[in-house]
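First the structure, in the form of structure tokens, and then the observations on it.
The values are calculated or read from the model by the stated rules, or taken from the named source; none is laboratory data. Just so you know, these numbers come straight off a predicted model, no measurement behind them. When we count neighbours, we look across all protein chains shown, and the Cβ atoms used for this are built from the backbone with ideal geometry, even at glycine.
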Amino acid sequence: MTRFSQLFVRVALALAILAMVAVCHADRELVLFSGNLNKVDAASWGAGTAELTEEETYLEREVLEVGTKGFYEGARLQLKTPAAMSAYLTDPEKSFLVLIVKVHQEEVKEPERQMGPEMGPEMGPEGMPGPMPPEAMPPPPGEVRPPGAPPGAPPPAPGHPDMPPEPGMEPPMPGGMPGGVPGEKPGEVVQEAPPPMVTKVRALMVTDKGQLDSGAIDILHAEGALENWYTMVIPLAQFAGEGKDPEAKLQDIALFGNAQEKFWVATVKLVAEDDPLVADAGQQRIVKANKPVQFEAKAQPGSARVQYCWDFDDWDGIAEDTLGQQVTWTFPEPGFYVVTLIVTDRTGRRLPQTAHVDVKVEE
């Protein structure tokens, strides 16, 4: 065999391997919507609305405008052909629903940093902060408590009143009274005022085996977002419901916001990764004001080239306060803070991951 023939064989083999890798990758990414309705039909859920629009665009593509009236009414994407979920539900810890969304913006005013209820023993063994009781901390990501539930109350069971109903059905509310929350007098119904803009979204995946509910997911207003479009990476392990059967077939995805407003969706897709990035910033903390505090992110598996970005409050969006796996920060004033860690792949091959740490700063 001549040198030219050997070179030709090597190039052909390399191209074949690359093609196999591309096919495998394509099998682990299911793009349901990205500017067109080739794979889905847009429909309403309840009294919500869904339609393509050019008033807002993403990378010069049309986007889906969702009219929502809260977590029970919004938009539905109906798959023209049900999709197998085995590639994603076999290992939900490594699979994600990815949404690219945009919401109306308004000026964010920094709230007063008030000291709240006691969060637990000041110090634990070896001078480390003690655990905080559940009633003092916000609910974990994905947990939605019924309106009027006291802090620390257990979340509703999956598939019960907190689950969005089928279109046309009015959601049951606490006390069994439709359309509102109980008032002080028997039979009195008090309507809750919705927030002025969408700050959280909720995704509901409907399969032939049951529903999967993401719960309320915060929209992180990160610096550097492309024209205020934000990427939301939601682990499938976070979804609750009866549909976590690897043999399930996806039929619909419904999207809701927490306000009577509009928001826009540029991309809806499912992604499974063999080695996803890890975002872990440690446990909740009790620290002192004006004292340096060290934070350390969990290392990545293998030799991933990543960037660790830290933001030390979430009042005015997620900014880049400092970078590094190990960082030191000083909180100037007492109060409650939410520290956000965003881990990104420098090569852009893997999805970014986010973690939050609740910190109480004392005088």
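Some observations on this one:
- Against the test of being surrounded by fewer than 20 Cβ atoms within 10 Å (Cβ to Cβ), touching a residue at least 40 places away in the same chain (Cβ under 8 Å) and out of contact with any strand residue (DSSP E or B) (no Cβ under 8 Å at 6 or more places or on another chain), the options P235, P246 yield a single qualifying residue, P246.
- Residue in the range 230-249 that is in a strand (DSSP E or B) and basic (K, R) present: yes
- Residue check for V278: among the hydrophobic types (A, V, I, L, M, F, W, C), out of contact with any helix residue (DSSP H, G or I) (no Cβ under 6 Å at 6 or more places or on another chain), surrounded by 19 or more Cβ atoms within 10 Å (Cβ to Cβ) and within 29 Å of L226 (Cβ to Cβ): no
- Any hit, the range 263-283, residues being of a type in the set (S, T, N, Q), out of contact with any strand residue (DSSP E or B) (no Cβ under 6 Å at 6 or more places or on another chain) and touching a residue at least 12 places away in the same chain (Cβ under 8 Å): yes
- A266 vs. criteria farther than 29 Å from V361 by Cβ and surrounded by 18 or more Cβ atoms within 10 Å (Cβ to Cβ): yes
- Residue count for the range 313-363 satisfying the condition of being among the basic types (K, R) and under 13 Å from R285 (Cα atoms): 1.
- Tally of residues being modelled with pLDDT under 50 and either on the phi > 0 side of the Ramachandran plot or β-branched (V, I, T) (or both) across the range 79-132: 4
- Among the candidates G224, G257, G243, residue that is assigned by TED's automatic domain parsing to the domain that holds A84, under 21 Å from the mean Cα position of the chain (by Cα), modelled with pLDDT of 95 or more and not aromatic (F, W, Y): G257
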